[in-house]
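Have a look at the structure below, then the notes.
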Amino acid sequence: MTEKETLFHEAKQFITACYHELNKPDIIEERLKEIKSEINRYGYYEHTYEELACGARAAWRNSNRCIGRLFWRSLHVFDARHLATEQRIYEALLNHITYATNEGKIRPAITIFKPQIKQEPQVRIWNHQLIRYAGYETENGVTGDPASLSLTRACQEMGWKGKGSRFDVLPLVIQVQQRPPQWFEIPEELVLEVPIRHPEYDWFEDLNIKWYAVPIISDMCLEIGGIHYTASPFNGWYMETEIGARNLADTFRYNLLPEVAKRMGLEISRNASLWKDKALVELNVAVLHSYKQDGVSIVDHHTAAEQFKQFEQQERDSGRKVTGDWTWLIPPVSPATTHIFHQTYENRMLKPNYFYQDRPYE
Ligand code: HEM
Ligand SMILES: N=C(Nc1cccc(CNC[C@@H]2CCCN2)c1)c1cccs1
């Protein structure tokens, strides 16, 4: 098949499914005629807003690694395909951060920028997440988030200067076509953060740790009907284990378990004391307590698993088979206490979906 035939084949599958879901089956034929001539003439085609929103929501529903899919219909979709300059794109990203944060009552949203045209990306956001902490190599180890070392270096090479603290928010890095990337600071007042404290251990706040409220993934590619949206940042709210069992606990991230265990008076020289497990649970208790007390949306892994069970039932009622990646769907804390652990999922890749793409820097 030629490139145009392949594109039309992908478009036909998406348009047919999308208008059946929208209960408008009788406009499929007319719409496919339009798309066929657009592809023949320009080598690509443009989605209507309705198709774009339907595709972005279906892509969430098809995300096999996502435990939060029950709410896929509620995704708010910002159409930013008309924006052509780094400045306008920066402003749209600030708007997304503000809308999604909503003073703590987080609203799931996606902002979709101009798609790739004939294999040429039009917009790329270099950040993994719109809000994430910098990581610095120093003579006595890493300060900040080790996961951000390479992007932090790239930002410094572009002239960005961080304060060098453990929690410096990285600038937004926006690249249009093949122009050099431009970096933009996020105004502090737009970045909601939560200081982590524990409901019983008063010493916990002396650890001086915090985390940001809203996770906004900005480096994945949204593919809808053969069109690749290489810049389509999307946010939900956190499941506490992401922060308490991974970001703050992994030895190659903030590595806080030994410090927490010591302050708990646990015997860290003996594995069998299960000191890591006790420290891990209390770190997650602290994250949940802090976000809830500050009115910032978050879900615990038990509630999230129950919601996912509801999603599975809802999909069965809609006549769709649930696909999933068991290895990511089970939470990293007490996985066997959830129903997910005790069943299997077919890890089939449906489209539309969100895909990894090569980093534009290294
Ligand atoms: C509303 C609250 C949501 C919660 C609590 C949630 C929870 C999660 C969690 C815990 C993961 C695993 C992440 C990891 O272990 O690194 C995940 C993965 C994922 N989620 Fe969700 N999610 C939510 C909303 C969304 C939304 C709005 C989208 C897209 C529109 C989305 C798309 C994805 C994708 C694509 C992955 C896989 C990422 C990868 O492969 O690296 N999720 N989700
Ligand atoms: N709660 C969330 N968590 C999430 C979702 C998708 C991807 C990620 C980041 N996953 C990659 C990290 C880094 C390696 C393993 N985990 C987090 C959401 C982020 C954006 C929408 S929901």
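Derivation of every value follows stated rules applied to the coordinates shown; laboratory data play no part. Since the structure is predicted, the reported quantities are computational estimates derived from the model, not experimental observations. As a convention, Cβ positions derive from the backbone with ideal geometry for all residues, glycine included, and neighbour counts pool all protein chains shown.
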For this session: Can you run down the residue pairs with Cβ atoms below 9 Å, 6 or more apart or on separate chains, where the first is in region 59-73 and among the β-branched types (Val, Ile, Thr) and the partner is part of a helix (DSSP H, G or I) and within 10 Å of ligand 2 (Cβ to nearest atom)?
Result: Ile67/Ala304; Ile67/Trp328
Exercise. Which residue out of Thr138, Thr85 is more than 14 Å from ligand 2 (Cβ to nearest atom), surrounded by fewer than 17 Cβ atoms within 10 Å (Cβ to Cβ) and over 25 Å from Trp211 (Cα atoms)?
Worked result: Thr85
Seminar exercise, completed: Taking region 184-205 and the residues there that are exposed (fewer than 14 other Cβ atoms within 10 Å of the Cβ) and charged (D, E, K, R), the one that is nearest to Lys118 (Cα to Cα) would be Glu185
Problem set entry | Number of positions in region 319-362 that are among the acidic types (Asp, Glu) and either within 25 Å of Leu274 (Cβ to Cβ) or in contact with a strand residue (DSSP E or B) (Cβ under 9 Å, 6 or more places away or on another chain) (or both) | 1
For this session: Please determine, by comparing only the residues of region 160-183 that are within 24 Å of Trp237 (Cα to Cα) and not β-branched (Val, Ile, Thr), which one is surrounded by the most Cβ atoms within 10 Å (Cβ to Cβ).
Result: Leu170
For this session: Go through region 255-362 and tell me which helices (runs of 4 or more DSSP H), entirely inside it, have 3 or more residues that are touching a residue at least 12 places away in the same chain (Cβ under 8 Å) and within 16 Å of ligand 2 (Cβ to nearest atom).
Result: 275-293, 301-317, 326-329
Problem set entry | region 197-244, residues that are hydrophobic (A, V, I, L, M, F, W, C) and within 13 Å of ligand 2 (Cβ to nearest atom) | Trp211, Ala213, Val214, Ile216, Ile217, Met220, Leu222, Phe234, Trp237, Met239, Ile243
For this session: For region 248-260, name all the residues that are surrounded by fewer than 22 Cβ atoms within 10 Å (Cβ to Cβ) and either within 15 Å of ligand 1 (Cβ to nearest atom) or among the small types (Gly, Ala, Ser) (or both).
Result: Asp250, Phe252, Arg253
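Listed here are the residues, each with its yes/no results for (1) in contact (Cβ under 8 Å) with a residue 40 or more places away in the chain; (2) within 25 Å of Thr230 (Cβ to Cβ); (3) of a type in the set (Asp, Glu).
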residue	(1), (2), (3)
Ala134	no, yes, no
Thr143	no, no, no
Leu149	no, yes, no
Trp160	no, yes, no
Lys163	no, no, no
Pro171	no, yes, no
Val176	yes, yes, no
Exercise. Has region 98-113 got any residue that is within 12 Å of ligand 2 (Cβ to nearest atom), surrounded by 19 or more Cβ atoms within 10 Å (Cβ to Cβ), more than 13 Å from the chain's Cα centre (by Cα) and over 24 Å from Leu172 (Cβ atoms)?
Worked result: no
